[in-house]
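Once you've had a glance at the structure underneath, I'll fire off some questions.
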Amino acid sequence: MSNVAAWEDDPRTAPGARPVNRPSPSVKQARLGLALRGAEPPPRVYRTGTSQFRYWNATDALARAIRFWAPLLPAEARWPAARTLGVDLDAGVDLNAYYDRLGLCFFHATVRGVTVYSGESPDVLCHELGHAVLDAVRPELWNAASIEAAAFHESFGDITAILSALQVESVRTAVLTDTGGRLSRASRISRLAEQLGWAVRQSHPDAVEPDCLRNAVNSFFYQRPETLPPMAPAAVLSSEPHSFCRVFTAAWLESLAGMVDLRGATPDVLASVAVDAGRLLVGAIARARIGTNYFAQVASNLAAADATLFSGAYRQVLQRAFVGRGILSMASASAVPRQARRAGGAVPASRAVVLPVVSVPIDGRLHGIRLRRLLVEAPLGPSRWTVTSAAPDLGAIEPVAPDVASRAFVEDLLRRGRVDLREVQRDTARRSRRGRATHAIVRHGRRLRLERRLFH
Ligand SMILES: [Zn+2]
């Protein structure tokens, strides 16, 4: 078999980082297959900076993420809207990347004389693929008008980047050496998208971390996202999904670190713990109620999945990590084993959920549109066995009502200019460009509905 050259996790992981040689990979498979745009260059070790290098580097990163997730997903998991997902490694000039249900799209931009391709970073490639994987398991999250659901999608992307990097033996060895075996310390896997972060920092210095795009090692404590501002510098938490997701990702990385501590910090243990962590996540996502406090729902189901899959072997480390971040209140964390017993037996296959459509009031005058109400898919309200997140001072906070969560979500999107309003704008002079819209307002007869177009 021939070798190709590829980055281990990001082109800018360390000063003078070099690509490594990898066996030539494939992303063609019957289920959950991918197809890169353009002709496949012969597999060979190409020089960095060439399109052939980028082709094989991307194939290697995506194949690694798919090989990790595919065996852990329910047998019926499929891409929701395409048989094969297209991958466009260079769709034009931008510092961004997105997943839109038909494929993954990456861009390039020249910053201070350096041309940065978002599709050259395994971190970014695997993050976008993570959106697709979660969409295959829980398509109901796509349109949920919920800040926590959208933020969890971003967190799952970052977690996918971390778990995929850990599939590379040289990365596992390097991370254990660099952190002294403590995965809860900042490392090349906790720092996501160092190169894209560098490029963004040149024009928006406070929009990203000082050494990467996002760092999974941070000190953020859970707050109700509805109480946070819609944007903030990277050092502060906001309700913007890429900002808010850092609370969950940090708790999750701490739980992974705790799992490694339990079993011994060697590269082989780290590989096997990564698989356990992936199984826990898939089990949790399959059962978690898409409630207004979705972080708490997933966290409590991680502990429930641990009870069924591993007889509670990781219970304490999961509790410590998610209670420590306030994602789970003390009361909810201690109630988890009882709930797991009630659910009984194996982790059930994920059942389709229909989210209720609610009508939220909005003031369209600001945006030059005549619009008073908008239909959205709302997250679910509290149930009989409601789990809660923690209040910053004492005790638990009750989950917000579905209409409050939905209104906060819509208002955030409008304030950040993330809604494509062209369908409802009569005045062409004021027509907004699609820009960075993630959502569109779509006419259904006399009703107007908010629909997601993509995840950035
Ligand atoms: Zn994303």
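Readers should treat all values here as calculations from the given coordinates under stated rules, not as data from a laboratory. The model shown is predicted, which means the values in this text are computed figures rather than measured ones. Heads up, the Cβs are rebuilt from the backbone with ideal geometry, glycines too, and the neighbour counts pull from every protein chain shown.
Please work out the Kirkwood hydrodynamic radius for segment 143-185, using every pair of different C-alpha atoms, and report it in angstroms with one decimal place.
This gives a value of 12.0 Å.
So what are segment 357-452's ellipsoid semi-axes, whole angstrom, largest first, if each one is the square root of 5 times an eigenvalue of the alpha-carbon gyration tensor?
That gives 31, 15, 10 Å for the three semi-axes.
Right, another one. Report the Rg/Rh value for segment 1-135, based on alpha-carbon coordinates and the Kirkwood definition of Rh.
Using Cα coordinates only, the ratio equals 0.95.
Now, a different point. For Arg447 and Thr227, what is the calculated FRET efficiency with R₀ set at 25 Å and r taken between the beta-carbons, to the nearest 0.05?
Step by step, r from the Cβ atoms, then E = 0.25.
At each listed q (0.06, 0.07, 0.11 Å⁻¹), what is the log10 of I(q)/I(0) that the Debye formula gives for the chain modelled as equal alpha-carbon point scatterers?
Computed log10 I(q)/I(0) values: -0.24, -0.33, -0.86.
Taking the Cβ-Cβ separation of Val357 and Glu76 as r and a Förster radius of 22 Å, what is the calculated FRET efficiency to the nearest 0.05?
It comes to 0.30.
Turning to a different aspect of this structure: Going by how many other beta carbons lie within 10 Å of each one, how would you line up Tyr294, Tyr98, fewest first?
Placing the least packed residue first, the sequence is Tyr98, Tyr294.
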